[in-house]
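What follows is a short report on a single structure.
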Amino acid sequence: MKYVKMYKTKFDLLEFISKLPKAELHLHLEGTLEPEMMLEKAKKNGVKLPYNSIEDVKKAYRFKDLQSFLDLYYLGVSSLVDEDDFFDLAYAYFKKASSQNVKRAEVFFDPQAHTRRGIDFSTVIKGIYKAAKKAEDELNVSVGIIMSFLRDMPESSAEETLEQALQYRKWIIGVGLDSKELGNPPSKFERVFKRAREEGFIAVAHAGEEGPAEYVWEAIKLLKVSRIDHGYHILDDPTLTEKVSQEKIPLTTCPLSALKLNHITPLDKFPIKTMLKLGMIPTVNSDDPAYFGGYLNENYYQIAKVLKLSASDLATLAKYSIMASYIQYDKKVDLFNIVDETYCEIF
Ligand code: HPA
Ligand code: ZN
């Protein structure tokens, strides 16, 4: 009888990652603004930026910490003015996501980064929603839109934003919390999150990115979030680590973001293997890919390479992203099956 070769010993890492169906659960649409589009929109809208060329913009992308990134991020968004700008921004991202086999994208936008400079909430959400609808119809990417409150603004501003969002209730699945974390604990937003949950929004929050484990406790207990964005500092607190793994609260970690903002360097210190071993539900995400040097597949690839993740680890991470998303159960099962098929193909 002929010998049948059952196992391939090698697989092409990037090809395998690309083939896995994945959910992106931590992505700021404004963080997908590529330098080319930023300069083009600034010119069209007559917005002055301190850059003369794409090289100038790229040169500026060296960040000391979260705040030094946020300063450039808010400067960049000032180039976006009308509904078409928001459509173009979001649709360019959905095209990229589709090309990377992202089957579900739960994307943040920051309404206050626009309303505070005189742009209507409706202009922003209409552009984003049109792009999301087109992506669902034409690109086979399912989309959930999450509006994030800027935590370095007062709670009253978040409350006004929630009020503006109510007429677009059907277009937005949830509320989040982002921007400067240190000094702006989740407790500052307890009331607005309560109101948002009562209105039927799901709740997530950035916590434990630069802030302490205590902020993650607050996000869970006071904001009643169902996912934690980043969450690295959970590991500083054994009781919290135990709680997050017992209750299977998913974490949307972002390897290249943590590296570029100097939260975790070098990348081989990124704690995703530890999280997996502890029974937590970490997911891989890209955060602000235009600023941090990579979209979703590059994040999987970089982390897989430095941590020597196995094909099985990668399939688990893809499954966790699907499991932690807010799509319907039967769609999760369909995508799980495709992950398994993709995994079987390499043997
Ligand atoms: N952290 C906090 N706020 C943000 C981020 C981030 O990584 N990206 C955009 N706003
Ligand atoms: Zn983020």
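Give the residues of region 86-121 that are surrounded by 23 or more Cβ atoms within 10 Å (Cβ to Cβ) and more than 19 Å from TYR326 (Cβ to Cβ), sorted by residue number.
Selection gives PHE86, LEU89, ASP110, PRO111, ALA113.
Are any of the residues in region 152-161 touching a His at 6+ places or on another chain (Cβ under 8 Å) and under 24 Å from ASN262 (Cα atoms)?
No, because not a single residue in region 152-161 is touching a His at 6+ places or on another chain (Cβ under 8 Å) and under 24 Å from ASN262 (Cα atoms).
Wholly within region 114-212, which strands (runs of 3 or more DSSP E) include no fewer than the required count, namely at least 3 residues that are touching a Leu at 6+ places or on another chain (Cβ under 8 Å)?
Fully inside region 114-212 and qualifying: 174-178, 202-207.
Residue-wise test of (1) within 21 Å of the chain's Cα centre (by Cα); (2) away from ligand 2 (no atom under 14 Å from the Cβ); (3) aromatic (Phe, Trp, Tyr); (4) under 22 Å from ILE327 (Cα atoms).
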{"position": "GLY176", "(1), (2), (3), (4)": "yes, no, no, yes"}
{"position": "LYS180", "(1), (2), (3), (4)": "yes, no, no, no"}
{"position": "PHE189", "(1), (2), (3), (4)": "yes, yes, yes, no"}
{"position": "ARG195", "(1), (2), (3), (4)": "no, yes, no, no"}
{"position": "GLY211", "(1), (2), (3), (4)": "yes, no, no, no"}
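Of everything in region 262-282, what is without any contact (Cβ under 8 Å) to a residue 12 or more places away in the chain and among the hydroxyl-bearing types (Ser, Thr, Tyr)? Give them in sequence order.
The answer is THR265, and nothing else.
Six or more apart or on different chains, Cβ atoms under 7 Å: show the pairs whose first residue is in region 187-211 and among the β-branched types (Val, Ile, Thr) and open to solvent by 10 Å² or more (accessible area, probe 1.4 Å) and whose second is in a strand (DSSP E or B) and at pLDDT 95 or above.
ILE202/GLY174
How many residues, within region 280-295, are within 14 Å of ligand 2 (Cβ to nearest atom) and either under 13 Å from HIS230 (Cα atoms) or touching a strand residue (DSSP E or B) at 6+ places or on another chain (Cβ under 7 Å) (or both)?
6
Within region 233-251, restricting attention to residues that are assigned to a helix (DSSP H, G or I) and closer than 19 Å to GLU181 by Cα, which residue is most open to solvent (accessible area, probe 1.4 Å)?
Among those residues, the one meeting the criterion is ASP236.
Going by the conditions given, is PHE86 in a helix (DSSP H, G or I), in contact with a helix residue (DSSP H, G or I) (Cβ under 9 Å, 6 or more places away or on another chain) and either within 16 Å of ligand 2 (Cβ to nearest atom) or closer than 22 Å to LEU314 by Cα (or both)?
no
Go through region 244-261 and report how many residues are more than 15 Å from ligand 2 (Cβ to nearest atom) and either polar (S, T, N, Q) or in contact (Cβ under 8 Å) with a residue 24 or more places away in the chain (or both).
Summing the residues that are more than 15 Å from ligand 2 (Cβ to nearest atom) and either polar (S, T, N, Q) or in contact (Cβ under 8 Å) with a residue 24 or more places away in the chain (or both) in region 244-261 gives 5.
The values are calculated or read from the model by the stated rules, or taken from the named source; none is laboratory data. Values in this document were obtained by computation on a predicted structure and should not be read as measured data. Cβ coordinates were reconstructed from backbone atoms using ideal geometry, including for glycine residues, and neighbour counts include every protein chain displayed. Surface areas here come from the heavy atoms of the whole protein model, side chains and all, with no ligands, DNA or RNA. Shrake-Rupley method; radii C 1.70, N 1.55, O 1.52, S 1.80 Å.
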